[in-house]
1. Which distance in nm do the two modelled labels at residue 56 and residue 4 give, with both placed 7 Å along the Cα-to-Cβ direction?
2. Please compute the length gained on full extension between residue 42 and residue 65, using 0.36 nm multiplied by the number of residues separating them and subtracting their Cα-Cα distance.
């Protein structure tokens, strides 16, 4: 059983190595475009992450307010 698994893994690795021989060339214009777009992509990524973090924190605080006994603590002090 172990021998069959090793043979299968070896064959799959050989097949993936054969596919990885493809080479892609990039032109100077494509390179310049990619470099020029990088700051915009990074900025968009950071802005999206910031928005997702704010939404996550808002949901977490809303959940915490319902589960945490703040209402009971403050209600007993006010009376």
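1. With each label placed 7 Å out from Cα toward Cβ, I get 4.4 nm.
2. Between residue 42 and residue 65, full extension yields an extra 4.8 nm.
No value in this document is a laboratory result; all are computed from the given coordinates. As the structure is a prediction and not an experimental result, all values here were calculated from the model. Reconstructed Cβ throughout: ideal geometry from the backbone, glycine too, with neighbour counts over all protein chains shown.
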